[in-house]
């Protein structure tokens, strides 16, 4: 059943090869001073940096830089970004990179006019952004997080061993995002498939919650089928534009609020993965892939009808003559075959997790209450053990 | 393959039982003078009119009325609405009704500041709305058209025997829409199932075009599966909130631009149906249902892979051991069984069409070029003949 909700997603998207030319339409809407935010510098090697700076100059902008955003943006980096944005009196933050860079830009955007510690306010106390925000635009170079069309931001505090995400309201959504699938061609395979699993996990964590029949879950099934199909094609040929564009578009709709409308969601897999991220700094999508099967096999019996539906609708399992449990298990087995076929990490030991870290991981894992089984500490420990 | 496109849908939606209370959030954003637009008066019998007027008064609005919008809004009514909006110097148009009322409100919105004949400018010459527009809000009481979250408007000119739709840009989208599924409980079954087929046709006409693999078609399949499931449930129990809410939400996403992104679309079924509407004033969804099977069976062999995919993904046809043609035919046969089971009109003769009207219908039918076969006049005539 679709519950009561309100929906608005005001982000304007420019999609397709050559979409960067849309900067000429968007940049004139904002003031002169632009803070250009990016990551480790790959955009300088692949030429995207030069194209973006040329657009900024052509629009008469004064460009200030804030590079070096790391894959899991830290609270220290956030403080630095806030200082830079204040110092240059930025009118617009332009994020060029993947989800981490976009997440970081949004965190800076809501923190610039915040007169207390933003980590405490937004990521510990989960308060909403009531202050003025700086507008954010995104040029996406990696796919997965959906950060280009949502209000989410994940920040890591290594000292506190916490990696925490907050989903802000639509005032924090990027004003515009540029999505050119060809910008993802140069991504190493490891990062590309990691992004694919991040997308899959976003969809699954919204899907595996609630027992009602609702349109959101049918849309989710369509997105999962598209993703599975295109991820295999993109691994076979990294320059398959059709596959890359489908993955990019699926990523956006997997986490821009649509498929969560009117229903409950889970997010425990992200909590498990984020605990591993806080302890190892491992690639986000791989932390999710390594814990997913132990998690879903553990909760399967608590939500059997949904796992059966998943098997049939997403994986085409033939249910004839089989018990619900058999059908559900065949669905997860099909998912496992797909995961292995595209080269996902299936064990946390490959990410640097060892037996002696389990207590710390359990301690860092937030427990969500939207899934088919609210996990106990012992269950979390067992899932981490099976994930090794 | 997803082509190049831009996407933005700024409409804010309030969904669920009791969502009308959101008027208290939205109305204060606009000026004092509100033109209240509605249809034949059913909203006065079911109490919705009183609730809306109470909200308007509570927000201190001055209310001007424009009732009597007919199911197929005419160009004469449009001229009248423009005069009323000008006379009262409306700051906001509030449409309370189904798709026709919302369509009409948008047509008035773009015509108020237009200094030439809006029929000629927008519906004959298909020019875009460059003038200033009046903001529109919608309170939906019927589902089907998706008008609550798009820029579309269909106006009928009986003198010219033309019923023409124009899809305007996002400046013409409603600023907000209220979607309360319980408002649709009192709809007669005939209108409810007619709306369901309008939704189905919107999805199919975007789906049955192009041979590429793209995410939009996977989303479309999910929407169709949800709709088929919920329409059957809503016919069995008109007060099934789950079914009514799924139908309402599917209708919105069936025609708010999302599933057309990056792909070609067809729309020939709407052209055939609109011709019948212009000649008979028949209920829109029923004109579509009566022509659909003859149309799709006619074009099936030109787009066989898509019809096969439709059969498997939407209707669960088992393809094992069958030719593509057999699978495709079984899909359309399953659709025919569903159509009959919910009580759709299967023959145009039930809508007042007779053999002697065929020439006129052919003359009134626009030919689209996005489908698997661009129809000749002879083919259109044959499809109309088979639809009798």
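Listed residues A:60, A:41; which is at pLDDT below 95, out of contact with any helix residue (DSSP H, G or I) (no Cβ under 6 Å at 6 or more places or on another chain) and surrounded by fewer than 16 Cβ atoms within 10 Å (Cβ to Cβ)?
Details: A:60 fails: at pLDDT below 95.
The match here is A:41.
Write out, first by first residue and then by second, each pair whose Cβ atoms fall under 8 Å of each other, whose residues are 6+ apart or on separate chains, and whose first residue, in the range B:296-309, is under 18 Å from residue B:268 (Cα atoms) while the second is at pLDDT below 95.
B:303/B:211; B:306/B:211
Please find, within the range A:228-249, the residue that is surrounded by the most Cβ atoms within 10 Å (Cβ to Cβ) out of those that are under 16 Å from residue A:335 (Cβ atoms) and within 8 Å of another protein chain (Cβ to nearest Cβ).
Applying the filter and picking the extreme gives A:230.
Return yes or no: is residue B:176 in contact with a strand residue (DSSP E or B) (Cβ under 9 Å, 6 or more places away or on another chain) and modelled with pLDDT under 95?
Numbers: in contact with a strand residue (DSSP E or B) (Cβ under 9 Å, 6 or more places away or on another chain): yes; modelled with pLDDT under 95: no.
Judged against the criteria, residue B:176 is not a match.
What is the one condition in (1) buried (at least 23 other Cβ atoms within 10 Å of the Cβ); (2) at pLDDT 95 or above that residue B:156 does not satisfy?
(2)
Working carefully through the options B:78, B:94, find the one that is surrounded by 22 or more Cβ atoms within 10 Å (Cβ to Cβ), over 24 Å from residue B:281 (Cα atoms) and either without any contact (Cβ under 8 Å) to a residue 40 or more places away in the chain or assigned by TED's automatic domain parsing to the domain that holds residue B:155 (or both).
Working: B:78 fails: over 24 Å from residue B:281 (Cα atoms).
Unique residue meeting the criteria: B:94.
Considering every residue within the range A:243-252, establish whether at least one is without any contact (Cβ under 8 Å) to a residue 24 or more places away in the chain, farther than 27 Å from residue B:250 by Cβ and not in a loop (DSSP other than H, G, I, E, B). Spell out how you get there, then give the answer.
Step one: of the range A:243-252, the residues without any contact (Cβ under 8 Å) to a residue 24 or more places away in the chain are A:243, A:246.
Narrowing further to those that are farther than 27 Å from residue B:250 by Cβ: A:243.
This time we only want the ones that are not in a loop (DSSP other than H, G, I, E, B), so: A:243.
The answer is yes; a qualifying residue exists.
Please find, among A:374, A:362, A:367, the residue that is crowded, with 16+ Cβ neighbours inside 10 Å and either assigned by TED's automatic domain parsing to the domain that holds residue A:306 or closer than 20 Å to residue A:302 by Cβ (or both). Reasoning before the result, please.
Working: A:374 fails: crowded, with 16+ Cβ neighbours inside 10 Å; A:367 fails: crowded, with 16+ Cβ neighbours inside 10 Å.
Selected residue: A:362, the only one of A:374, A:362, A:367 that is crowded, with 16+ Cβ neighbours inside 10 Å and either assigned by TED's automatic domain parsing to the domain that holds residue A:306 or closer than 20 Å to residue A:302 by Cβ (or both).
Pick from the range A:179-227 the residues that are away from chain B (no Cβ under 11 Å) and in contact with a strand residue (DSSP E or B) (Cβ under 9 Å, 6 or more places away or on another chain): which of them is nearest to residue A:300 (Cα to Cα)?
It comes out as A:184.
Residues A:111, A:100: which one is within 24 Å of residue A:365 (Cα to Cα) and assigned by TED's automatic domain parsing to the domain that holds residue A:177?
Details: A:111 fails: within 24 Å of residue A:365 (Cα to Cα).
Criteria check complete, one pass: A:100.
If I filter the range A:325-341 for residues that are more than 21 Å from residue A:200 (Cβ to Cβ) and not in a loop (DSSP other than H, G, I, E, B), do I get at least one hit? Let's see the steps before the verdict.
So in the range A:325-341, the residues more than 21 Å from residue A:200 (Cβ to Cβ) come out as A:325-326.
Checking which are not in a loop (DSSP other than H, G, I, E, B) leaves us with A:325-326.
Looking for residues that are more than 21 Å from residue A:200 (Cβ to Cβ) and not in a loop (DSSP other than H, G, I, E, B), one finds at least one in the range A:325-341, hence yes.
Across the range A:97-119, which residue is surrounded by the most Cβ atoms within 10 Å (Cβ to Cβ) among those that are assigned to a loop (DSSP other than H, G, I, E, B) and over 16 Å from the mean Cα position of the chain (by Cα)? Give the steps one after another, and end with the answer.
Of the range A:97-119, the ones assigned to a loop (DSSP other than H, G, I, E, B) are A:98, A:112-117.
Then drop every residue that is not over 16 Å from the mean Cα position of the chain (by Cα), which leaves A:112-117.
On the way: A:112: 22, A:113: 15, A:114: 18, A:115: 7, A:116: 11, A:117: 14.
Residue satisfying both the conditions and the ranking: A:112.
Restricting the range A:254-270 to residues that are out of contact with any helix residue (DSSP H, G or I) (no Cβ under 6 Å at 6 or more places or on another chain) and either buried (at least 23 other Cβ atoms within 10 Å of the Cβ) or closer than 17 Å to residue A:148 by Cα (or both), which is nearest to the other protein chains (Cβ to nearest Cβ)?
This residue is A:258.
Does the range B:3-62 hold any residues that are within 13 Å of chain A (Cβ to nearest Cβ) and part of a loop (DSSP other than H, G, I, E, B), and which are they?
Once the filter is applied, which keeps residues that are within 13 Å of chain A (Cβ to nearest Cβ) and part of a loop (DSSP other than H, G, I, E, B), the range B:3-62 yields B:3, B:4, B:16, B:17, B:18.
Looking only at the range A:282-303, decide whether some residue is crowded, with 24+ Cβ neighbours inside 10 Å and touching a strand residue (DSSP E or B) at 6+ places or on another chain (Cβ under 9 Å).
Among the residues of the range A:282-303, at least one is crowded, with 24+ Cβ neighbours inside 10 Å and touching a strand residue (DSSP E or B) at 6+ places or on another chain (Cβ under 9 Å), which makes the answer yes.
Sort out which residues of the range A:225-240 are in a helix (DSSP H, G or I) and closer than 15 Å to residue A:189 by Cα, and write them in order of number. So that I can check it myself, show each step before the final result.
Let us first name the residues in the range A:225-240 that are in a helix (DSSP H, G or I), namely A:225-236.
Passing the criteria: A:230, A:231, A:232, A:233, A:234, A:235, A:236.
Quick check, is residue B:173 within 13 Å of chain A (Cβ to nearest Cβ) and under 20 Å from residue A:7 (Cα atoms)?
Values: within 13 Å of chain A (Cβ to nearest Cβ): yes; under 20 Å from residue A:7 (Cα atoms): yes.
It is true that residue B:173 is within 13 Å of chain A (Cβ to nearest Cβ) and under 20 Å from residue A:7 (Cα atoms).
Checking residue A:345 against (1) crowded, with 17+ Cβ neighbours inside 10 Å; (2) part of a helix (DSSP H, G or I): exactly one of these is not met. Which one?
Going through the list (1) crowded, with 17+ Cβ neighbours inside 10 Å; (2) part of a helix (DSSP H, G or I), residue A:345 breaks only (2).
The values are calculated or read from the model by the stated rules, or taken from the named source; none is laboratory data. Here the structure is a predicted model, which is why all the values come from computation and not from measurement. Methodologically, a virtual Cβ is constructed for each residue, glycine included, from the backbone with ideal geometry; neighbour enumeration extends over all protein chains shown.
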